[in-house]
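The values are calculated or read from the model by the stated rules, or taken from the named source; none is laboratory data. Source: prediction; values computed, not measured. All Cβ positions, glycine included, derive from the backbone under ideal geometry; neighbour counts span all protein chains shown. Just so you know, the surface numbers come from the protein's heavy atoms only, side chains and all, with ligands and any DNA or RNA stripped out. Shrake-Rupley method; radii C 1.70, N 1.55, O 1.52, S 1.80 Å.
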Amino acid sequence: MGSPFILPRPASLQDPLRIAVMISGGGSGLEALLRFQSKEQRCHHTVLVLADRIGARGLSHGKNRSIRSIGIPIPDNASKSENRLAHEKLIQTELESSKIELVVLSGYMRILSPWIVKKWKGRLVNIHPSLLPDFPGAHAHREVISAGVSTTGCTVHLVDEGVDSGPILAQKTVPVLPEDDEKSLQERVKKVEHLLYPETIDLLCSGEFSL
Ligand code: GRF
C-alpha cells in the first residue's frame with residue numbers, strides 16, 4: 001500500500017492554494033488551466049511552471065502571465081540514475097522555494113522517482129489521455145486505435161509510485177471514430193482534458209475529495 005495520500009488543505013478565495021504546473025511540450029493543458037484561473041477568482045493560482053527542457057514551448061504560457069517559468073534540463077555529468085536524482089532534487093528545491101502546495105503534471109513526460117512522489121503524495125495530480133486503468137503509458141492513443149475500441153477518454157488521478165496507477169479523481173469519455181489517426185484522436189481528447197482538468201483541480205483545492 002505504501003505511504004499515505006495527504007490531500008491539499010481546503011483552500012479559499014482569500015487564501016488560494018499555490019500550484020506548480022510541470023510540462024514537457026506545448027503546454028495546451030497549462031494554458032487551459034491558466035485561462036480558467038484568470039476568468040474569475042479561484043481558490044488556487046499557478047505561481048510556478050517547470051519544464052524538463054529549457055526550450056519547452058509551453059513555458060511561454062507562464063512567462064506571458066509573468067509567472068516564474070523555468071526549464072530544468074536533466075544533468076548529464078554522472079550515471080543515469082544519479083542524473084535523474086540530481087534533476088529531481090533541483091525540481092524539489094524549486095517547489096519548496098516557491099512554497100508550492102499542489103503539483104499538477106500536465107503533459108510532463110518523465111516518471112517521477114518514488115522518493116519525490118512520496119513527498120507530494122496526495123498533492124501530486126496527473127492527467128492521462130485514456131480511461132485508466134486501460135491504456136496506461138506513453139502511447140495511449142496509438143494503443144486505443146490498434147485495440148479497435150469505440151470509446152476512450154481522459155483520467156485525472158493522484159500520482160502514486162506506479163505508472164498511471166493512483167486513485168482516480170475524474171474521467172470523461174470521448175468517441176473513437178473509424179477514420180481516426182493518433183493526431184485526430186489526441187485533438188479530440190485534449191478538448192475534453194482542457195475542461196476536465198481545471199474543474200477537477202478546482203474541486204480538489206476546495207476540499208471536495210476525500211480518500
Ligand atoms: C495531454 O494529452 C496529456 O494528457 C498527456 O500529454 C498531453 C499534453 O499536451 N499526458 P500539452 O503539452 O498540454 O499540449
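For segment 120-134, give me each residue that is out of contact with any helix residue (DSSP H, G or I) (no Cβ under 7 Å at 6 or more places or on another chain) and open to solvent by 30 Å² or more (accessible area, probe 1.4 Å).
Arg123, Leu131, Pro133, Asp134, listed by residue number.
Conditions (1) outside the structural domain of Val103 (by TED's automatic domain parsing); (2) within 16 Å of the ligand (Cβ to nearest atom); (3) out of contact with any Phe, Trp or Tyr (no Cβ under 6 Å at 6 or more places or on another chain), marked per residue:
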| site | (1), (2), (3) |
| --- | --- |
| Met22 | no, yes, no |
| Thr46 | no, yes, yes |
| Ser60 | no, yes, yes |
| Ala78 | no, no, yes |
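Among (1) over 26 Å from Gly166 (Cα atoms); (2) open to solvent by less than 60 Å² (accessible area, probe 1.4 Å); (3) among the acidic types (Asp, Glu), there is one condition Asp76 misses while meeting the rest; what is its number?
It is condition (2) that Asp76 fails.
Which members of segment 44-59 meet the condition of being over 18 Å from Met109 (Cβ atoms) and open to solvent by 10 Å² or more (accessible area, probe 1.4 Å)?
Within segment 44-59, His45, Thr46, Val47 meet the criteria.
From (1) more than 20 Å from Leu177 (Cβ to Cβ); (2) within 14 Å of the ligand (Cβ to nearest atom); (3) not charged (D, E, K, R), pick out the condition that doesn't hold for His87.
(2)
Mind telling me which of the residues Gly107, Gly137 ends up being at pLDDT 95 or above and not assigned by TED's automatic domain parsing to the domain that holds Gly26?
Gly137
Quick test of your reading of the structure: Gly107 fulfils all but one of (1) small (Gly, Ala, Ser); (2) open to solvent by less than 10 Å² (accessible area, probe 1.4 Å); (3) at positive phi; (4) within 14 Å of the ligand (Cβ to nearest atom). Name the failing condition by number.
(2)
Got a number for residues in segment 138-162 being within 17 Å of Ser106 (Cβ to Cβ) and under 14 Å from the mean Cα position of the chain (by Cα)?
So the answer is 7.
Out of segment 135-159, which residues are surrounded by fewer than 20 Cβ atoms within 10 Å (Cβ to Cβ) and in contact with a helix residue (DSSP H, G or I) (Cβ under 8 Å, 6 or more places away or on another chain)?
From segment 135-159, those surrounded by fewer than 20 Cβ atoms within 10 Å (Cβ to Cβ) are 136-139, 142-143, 145-151; that's our starting set.
Residues satisfying the conditions are Gly137, Arg142, Ile145.
Can you say whether Val117 is within 16 Å of the ligand (Cβ to nearest atom), within 14 Å of Leu158 (Cα to Cα) and surrounded by 19 or more Cβ atoms within 10 Å (Cβ to Cβ), as far as the supplied structure shows?
no
When segment 182-195 is examined, which residues are found to be within 12 Å of the ligand (Cβ to nearest atom) and open to solvent by 10 Å² or more (accessible area, probe 1.4 Å)?
Glu182, Lys183, Gln186, Glu187, Arg188, Lys190, Lys191, Val192, Glu193, His194
Can Pro8 be described as touching an Asp or Glu at 6+ places or on another chain (Cβ under 9 Å), outside any helix (DSSP H, G or I) and over 24 Å from Ala138 (Cβ atoms)?
yes
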